[in-house]
There are 2 protein chains.
Amino acid sequence: MKQSSSAQSRSQPEIAEVSDAPLRQFMGYHIKRAFNVIQADLNDVLKTFELRMVSFSVLVLIVENPGIRQSQLSSALAIERPNLVVIIDALEKRELIVRDRLLTDRRAYLLQATMAGDQLCEKALRAINTHENKLFEGIDAAMRSTVVQAMRTIEAQS
Amino acid sequence: MKQSSSAQSRSQPEIAEVSDAPLRQFMGYHIKRAFNVIQADLNDVLKTFELRMVSFSVLVLIVENPGIRQSQLSSALAIERPNLVVIIDALEKRELIVRDRLLTDRRAYLLQATMAGDQLCEKALRAINTHENKLFEGIDAAMRSTVVQAMRTIEAQS
DNA sequence: TCAATTTAGTTATGAACAATAACTGTTATG
DNA sequence: CATAACAGTTATTGTTCATAACTAAATTGA
């Protein structure tokens with residue numbers, strides 16, 4: 001009783017295998033662990049293009065949505081505006097994108113990819129596709145679509 | 001052709017709805033967005049217990065694995081040892097866990113939860129369970145088990 | 001036996017990332 | 001026209017994550 005703060009001082013059994021069973025009951029835990037693996041793989045691929053997850057996402061959205069505003073980008077990707085500025089700056093400095101003044105609202109910029117940005121985006125998309133296919137090769141099409149459906153359901157809960 | 005860096009300077013069409021279609025092809029993107037929602041919900045629940053995701057995970061593993069070492073914890077949860085120290089310090093200061101010297105190896109500590117730690121862990125586990133059930137109520141049991149199976153497959157790829 | 005190496009935990013520190021307040025310039029409102 | 005709202009920026013802070021270097025203890029092996 002008294003020695004509860006140093007229980008098992010006689011036997012002191014060591015843990016051979018660490019159990020995370022109580023966390024495994026949570027789908028969120030499984031998702032987090034899987035996402036860690038995905039993210040590591042993704043960052044590895046993107047390093048080739050000198051991009052990180054966020055800057056890649058930003059580039060893709062600019063390529064896909066020519067003329068998008070920074071404020072639209074920040075809300076679409078849930079990046080705070082101030083933090084987006086430095087990302088945009090870096091992409092602009094690398095001449096992957098340009099800021100064009102919007103003539104009808106001189107506060108805003110329209111973002112567009114340059115030809116180089118377009119090409120880099122294309123290459124990165126293909127490379128990621130290849131890596132995702134490898135990473136997910138043990139998961140058949142039916143499962144993948146179930147996973148996507150579940151993720152969309154969760155995402156819609158916010 | 002020539003004006004590609006300031007294309008559409010006449011019309012400047014605005015983007016009404018931002019499309020993230022090219023990212024939606026990646027399962028990783030769906031998983032990330034879903035996980036953001038899960039994490040926000042989780043942190044909200046854990047705030048009640050003055051815990052964050054990592055400190056909660058650490059507490060659970062100590063409760064489940066009495067006598068676990070810090071090095072085992074850090075590798076189980078992929079937390080760098082130096083960063084784990086401050087987490088352990090905080091839990092110890094709150095008297096949720098104790099550090100006991102391992103008699104046969106005086107370098108190591110055996111970590112154990114106190115009664116208060118045990119109880120807090122129990123409460124937190126129940127609260128999270130409740131919230132997860134709510135968050136995932138649109139996902140039936142079959143889908144959930146498919147998701148978990150897919151996540152484990154991905155996790156195993158590392 | 002004992003010097004060299006390894007291990008567990010710690011300290012200090014810096015880099016990367018995220019969040020907030022406050023500013024400039026511009027547009028919208030009443 | 002004065003006031004408020006908005007887009008983007010700057011400055012700054014806090015949080016999170018990673019690395020190097022340290023202390024103390026245990027292990028290795030000549």
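The values are calculated or read from the model by the stated rules, or taken from the named source; none is laboratory data. Here the structure is a predicted model, which is why all the values come from computation and not from measurement. So basically every Cβ, Gly included, is an ideal-geometry build from the backbone, and we count neighbours across all protein chains shown. Quick note on the areas: whole protein, heavy atoms, side chains included, nothing else; ligands and nucleic acids left out. Shrake-Rupley method; radii C 1.70, N 1.55, O 1.52, S 1.80 Å.
Would you mind finding the one in B:ALA108, B:ALA116, B:ALA150, B:ALA142 that is closer than 30 Å to A:GLN157 by Cβ and surrounded by fewer than 20 Cβ atoms within 10 Å (Cβ to Cβ)? Can you show your working first?
Working: B:ALA108 fails: closer than 30 Å to A:GLN157 by Cβ; B:ALA116 fails: closer than 30 Å to A:GLN157 by Cβ; B:ALA150 fails: surrounded by fewer than 20 Cβ atoms within 10 Å (Cβ to Cβ).
Exactly one of B:ALA108, B:ALA116, B:ALA150, B:ALA142 is closer than 30 Å to A:GLN157 by Cβ and surrounded by fewer than 20 Cβ atoms within 10 Å (Cβ to Cβ), namely B:ALA142.
Does the range A:74-92 contain any residue that is more than 16 Å from DNA strand C (Cβ to nearest atom) and more than 8 Å from every other protein chain (Cβ to nearest Cβ)? Reasoning before the result, please.
Filtering the range A:74-92 for residues more than 16 Å from DNA strand C (Cβ to nearest atom) gives A:92.
Next cut, more than 8 Å from every other protein chain (Cβ to nearest Cβ) only: A:92.
Yes - at least one qualifying residue is present in the range A:74-92.
Go through the range B:108-149 residue by residue and tally those that are facing another protein chain (nearest Cβ under 7 Å) and within 14 Å of A:TYR29 (Cβ to Cβ).
Looking only at that region, the number is 8.
Looking at this structure, is B:GLU92 part of a helix (DSSP H, G or I), touching a Gly at 6+ places or on another chain (Cβ under 8 Å) and away from DNA strand D (no atom under 16 Å from the Cβ)?
Numbers: part of a helix (DSSP H, G or I): yes; touching a Gly at 6+ places or on another chain (Cβ under 8 Å): no; away from DNA strand D (no atom under 16 Å from the Cβ): yes.
Taking the combined requirement at face value, the residue does not satisfy it.
For the range A:137-158: of the residues being outside any helix (DSSP H, G or I) and in contact with a helix residue (DSSP H, G or I) (Cβ under 6 Å, 6 or more places away or on another chain), which is modelled with the highest pLDDT? Lay out the reasoning, then the answer.
Applying the first criterion (outside any helix (DSSP H, G or I)) to the range A:137-158 yields A:137-140, A:156-158.
Pick out the ones that are also in contact with a helix residue (DSSP H, G or I) (Cβ under 6 Å, 6 or more places away or on another chain) and you get A:138-139, A:157-158.
Values: A:GLY138: 94, A:ILE139: 97, A:GLN157: 90, A:SER158: 83.
Checked the range A:137-158; the qualifying residue modelled with the highest pLDDT is A:ILE139.
Would you point out the residue of the range B:32-73, among those that are of a type in the set (D, E, K, R) and part of a helix (DSSP H, G or I), that is most open to solvent (accessible area, probe 1.4 Å)?
Step one: filter the range B:32-73 for residues of a type in the set (D, E, K, R), giving B:32-33, B:41, B:44, B:47, B:50, B:52, B:64, B:69.
Then drop every residue that is not part of a helix (DSSP H, G or I), which leaves B:32-33, B:41, B:44, B:47, B:64.
Values: B:LYS32: 67, B:ARG33: 63, B:ASP41: 44, B:ASP44: 86, B:LYS47: 138, B:GLU64: 81 Å².
Restricting to residues being of a type in the set (D, E, K, R) and part of a helix (DSSP H, G or I), the top hit is B:LYS47.
Given the options A:VAL98, A:VAL63, name the one that is within 21 Å of B:SER11 (Cα to Cα), within 12 Å of chain B (Cβ to nearest Cβ) and more than 14 Å from DNA strand D (Cβ to nearest atom).
Numbers: A:VAL98 fails: more than 14 Å from DNA strand D (Cβ to nearest atom).
Only one candidate passes the filter, namely A:VAL63.
Kindly check whether there is at least one residue in the range B:123-130 that is surrounded by 15 or more Cβ atoms within 10 Å (Cβ to Cβ), at pLDDT 95 or above and touching a His at 6+ places or on another chain (Cβ under 6 Å).
no
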